[in-house]
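The values are calculated or read from the model by the stated rules, or taken from the named source; none is laboratory data. Predicted model, so just to flag it, every value in this text is computed and none were measured. Positions of Cβ are backbone-derived with ideal geometry, glycine not excepted, and every protein chain shown enters the neighbour counts.
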Amino acid sequence: MKKSILLMAAFTFITGAILTSCNTPAEKVDNAEKNVVKANKDLDKANQEYLADVEKYRKETADKIAANDKSIAEFKARIAHEKKDAQVAYQKKIAVLEQKNSDLKKKIDAYKAEGKEQWEKFKIEFSKDMDELGTAFVNFFSSK
């Protein structure tokens, strides 16, 4: 008899614990709605961070492109004192640098926000191109 009372008490306790821990359908819907709202907020925040990164990078590259334009103007002034044959060679190199700089400016201006993954790929490629152009500026007077 004592065993059956203990068994019945244990069964009642376990059943009560199971029933009180279960969510009702209304609670499940409410929890799902809260999760959707939180996910939307997280998505909005991620999109804002992505767009802020795009704008920050555009400003940085615009500054670099402006610096490149200034360097080109300095190169033009500097080669004015060179011999005619050297001036022709330098002018060709300057024209190439101007074209590359212009192409990079057009490329960054034309970029449309297409998603974070595409942005990362674009940024890597664009940074590589900017670094190559920067190297060309540094090495401008090293060879004709």
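Inspect segment 85-92 for any residue being within 17 Å of LEU133 (Cβ to Cβ) and of a type outside the set (Phe, Trp, Tyr) and give the result as yes or no. Yes - at least one qualifying residue is present in segment 85-92. Being basic (Lys, Arg), exposed (fewer than 13 other Cβ atoms within 10 Å of the Cβ) and at pLDDT 85 or above, is that true of even one residue in segment 31-47? Within segment 31-47, one or more residues are basic (Lys, Arg), exposed (fewer than 13 other Cβ atoms within 10 Å of the Cβ) and at pLDDT 85 or above. Taking the criterion of being more than 29 Å from PHE122 (Cα to Cα), assigned to a helix (DSSP H, G or I) and hydrophobic (A, V, I, L, M, F, W, C), the residues of segment 39-97 that qualify are PHE75, ALA77, ILE79, ALA86, VAL88, ALA89.
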